Amino acid sequence: MSMPPTKKHLSVVLPTFNERDNIGPLLEKLNNLYTAYDVEVIVVDDDSTDGTAKAVKAIAHKDSRVRLIRRLGRSGLASAIKEGLLAATGDLAAVMDSDGQHEPEAVFKALELLQEQKLDLVAGSRFLQESEIHGLSHRRTGGSSIANRFARLSLPKRYSHITDYMSGFFVIDVEACLPSICRVDVNGFKFLYELLSISNGNLQVAEVPLTFQPRSYGKSKLDIAILWDFAISLIHTLVFRVLPRRAISFGLVGSGGVLVQLATTEILMAILNQTFQQALPFAVVTAATSNYLINNALTFRSQRLSGKALLKGLIKFLLVASLPVIANVGLATTFYNLVSPNPFIAQMAGIIVVFVWNYAASSRFVWNSP
């Protein structure tokens, strides 16, 4: 008597943040996978405030195939996906959004293609000819298309056939992808993009079309911080990951601070008739404050300060920056007096000298980040 074929072990990773009303219906739809695979479902929740974790616990009490990882003190989509995949025990793994926009039926198609063609990864695409997009504005769809064009230019040519590098839906052969997964930067933009970038073109990748559904409940998580992450990810990839992501972000914010300082100096000198020496200290402090607030919102948002902590952080930031601020003012003034009476060149000399100190010291003492 022949033994029935052993089912493949499949791990489904679902990152969640405030998806209480969506997670139950999604888990019910995943039941269809149980007939074909030995399934575990790993819900990675970023300490939702709407009761998502409680809802998942109630389901897990009735169904031992559902596991909950509740994260405190850490957050982020890429980080949640990585943690879920590292906790997975399956030979195969599927990652999908928990808001109901990815149809569970697409998991079957992706897994079938993965195994038939012995691939390492199959992504779900919103932009193949057979794909359908419902519930996304033309602006969002157009924005994703532009982001995909930039992503294609920054990734290995072997992945140039991919149409949706921003997809949150993919299935993988865990053993083949695990070395790259371990190296993914959890502060990155989209996990799939980061995984492809890290892999250096070594993965066999294909796509299946998605029927992208409108969100049933809740609001999209897309905001300016996510767009900022995408810009940082592109630069990070283009410089071959030599510079830390946060250093790139800190530098871009600092570039904005340069404009703030130059503009403030010009306004004070032109409108209020202050001398360069009088205008410079106020301009430097104004730029430092601007840099602090933007870095708090973007560069260090996982350790973002608010309320009284935001004010205390500003004081710390200005204290940490006091030495370079003095150096900035002193060097710029000396340069202006002895080398060139050009306010722009004089200020740039001071700004360049103090950048490294500001990044290293403020990371450690203000946001307590290495």
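The values are calculated or read from the model by the stated rules, or taken from the named source; none is laboratory data. This is a predicted model, so every value here is computed, not measured. Cβ coordinates were reconstructed from backbone atoms using ideal geometry, including for glycine residues, and neighbour counts include every protein chain displayed.
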Test: residue in the stretch 37-52 that is more than 17 Å from V174 (Cβ to Cβ), aliphatic (A, V, I, L, M) and within 21 Å of the chain's Cα centre (by Cα)
yes
Of the conditions (1) closer than 23 Å to I226 by Cβ; (2) assigned to a helix (DSSP H, G or I), Y34 fails just one. Which one is it?
(1)
Kindly indicate whether A263 is surrounded by fewer than 14 Cβ atoms within 10 Å (Cβ to Cβ), modelled with pLDDT of 85 or more, in a helix (DSSP H, G or I) and outside the structural domain of I172 (by TED's automatic domain parsing).
yes
Pairs only if they're at least six apart or on different chains, beta carbon under 7 angstrom, first in the stretch 154-183 and farther than 27 Å from Q213 by Cα, second basic (K, R) and crowded, with 20+ Cβ neighbours inside 10 Å; list them, first residue then second.
I181/K82
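Per-residue answers, yes or no, for (1) modelled with pLDDT under 90; (2) over 30 Å from L196 (Cα atoms):
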{"position": "M3", "(1), (2)": "yes, yes"}
{"position": "V13", "(1), (2)": "no, no"}
{"position": "D21", "(1), (2)": "no, yes"}
{"position": "A55", "(1), (2)": "no, yes"}
{"position": "R67", "(1), (2)": "no, no"}
{"position": "R71", "(1), (2)": "no, no"}
{"position": "L85", "(1), (2)": "no, no"}
List, please: which pairs have Cβ atoms under 6 Å, are six or more places apart or on different chains, and start with a residue in the stretch 231-250 that is closer than 17 Å to S302 by Cα and end with one that is outside any helix (DSSP H, G or I) and of a type in the set (S, T, Y)?
R246/T299; S249/T299; F250/T299
Restricting attention to the stretch 81-96, report how many residues are in contact with a helix residue (DSSP H, G or I) (Cβ under 9 Å, 6 or more places away or on another chain) and buried (at least 19 other Cβ atoms within 10 Å of the Cβ).
10
Select the strands (runs of 3 or more DSSP E) contained entirely in the stretch 92-174, then report the ones holding at least 3 residues which are more than 19 Å from the chain's Cα centre (by Cα) and closer than 27 Å to T237 by Cα.
121-125, 170-173
Search result, residues across the stretch 70-91 that are part of a loop (DSSP other than H, G, I, E, B) and polar (S, T, N, Q)
S75, T89
Got a number for residues in the stretch 21-47 being buried (at least 19 other Cβ atoms within 10 Å of the Cβ), free of Cβ contacts under 8 Å to residues at least 40 places away in the same chain and farther than 19 Å from A106 by Cβ?
2
